[in-house]
Amino acid sequence: MFTGIVAAIGKITTISPLGDAAAGHRLTVDAGGLPLADVALGDSITLNGACMTVVAKTDKQFEVDVSRESLNCTAGLDAIGEVNLEKAVTLSERLGGHLVSGHVDGLGVVSKFEPVGESWLLAVAAPKELGKFIAVKGSIVINGVSLTVNTVTDSADACTFSVNLIPHTVQVTTLKHLKSGSKVNLEIDLIARYVERMLSASK
């Protein structure tokens, strides 16, 4: 489990195919400011909100294998560049964001990213099927960052929601690089997922 509180900005430095075009990739990631001393092989680290398993590591880098299925369902794991990093939480840590599984539920598309006063407004068009899980003042994860939903607008083919980013969040995450048209990884609230399942199963 994770919290959606980004611990460091890392960088994918190498992408190595695991086989033919239908196979996945092995990524080498520079951990940036993320300490790796307590990370063992088999531990989980999220990259832009997608939970990955550490298969090799040094003092400053680690490697993960990303399946073709994961590549097809996520954004930002198929090219060299910066990624948000978070290690799995332990029971002794504070839950600073909200309960996050590291499972990407869908890809959103940024429709607006602009300064508003001292903060930033980020609006994202989510797949319509995720709309029922997104609520005002509810939690959502964008590229591994736990955020609070400010507005929700449903349309025939999408659910557009907005969040407010304080300067600190922009500074310490890769969200600063977003622009209109950028694809982002979305994870809906864990509790909302189970509430919807219970309601639908009782019909």
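The values are calculated or read from the model by the stated rules, or taken from the named source; none is laboratory data. Computed from a predicted structure; not experimentally measured. Reconstructed Cβ throughout: ideal geometry from the backbone, glycine too, with neighbour counts over all protein chains shown. To get the accessible areas, we keep the full protein, side chains included, count just its heavy atoms, and leave off ligands, DNA and RNA. Shrake-Rupley method; radii C 1.70, N 1.55, O 1.52, S 1.80 Å.
Assorted remarks:
- Selection from region 168-203 of residues that are in contact with a helix residue (DSSP H, G or I) (Cβ under 7 Å, 6 or more places away or on another chain), at pLDDT 95 or above and open to solvent by 50 Å² or more (accessible area, probe 1.4 Å): 176
- Unmet criterion (only one of (1) more than 17 Å from residue 190 (Cα to Cα); (2) at pLDDT 95 or above) for residue 94: (2)
- For region 128-158, the set of residues classified as more than 17 Å from the chain's Cα centre (by Cα) and either in a strand (DSSP E or B) or surrounded by 13 or more Cβ atoms within 10 Å (Cβ to Cβ) (or both) consists of 128, 131, 132, 135, 150, 151, 152, 153, 154, 158, listed by residue number.
- Residue satisfying condition, being loosely packed, with under 12 Cβ neighbours inside 10 Å and under 16 Å from residue 2 (Cβ atoms), within set 93, 86: 93
- Taking the criterion of being assigned to a loop (DSSP other than H, G, I, E, B) and touching an Asp or Glu at 6+ places or on another chain (Cβ under 6 Å), the only residue of region 159-203 that qualifies is 188.
- Residue within region 30-42 that is in a strand (DSSP E or B) and open to solvent by less than 20 Å² (accessible area, probe 1.4 Å) present: no
- Across region 118-126, a minimum of one residue is classified as surrounded by fewer than 17 Cβ atoms within 10 Å (Cβ to Cβ), of a type outside the set (Lys, Arg) and touching a Lys or Arg at 6+ places or on another chain (Cβ under 7 Å).
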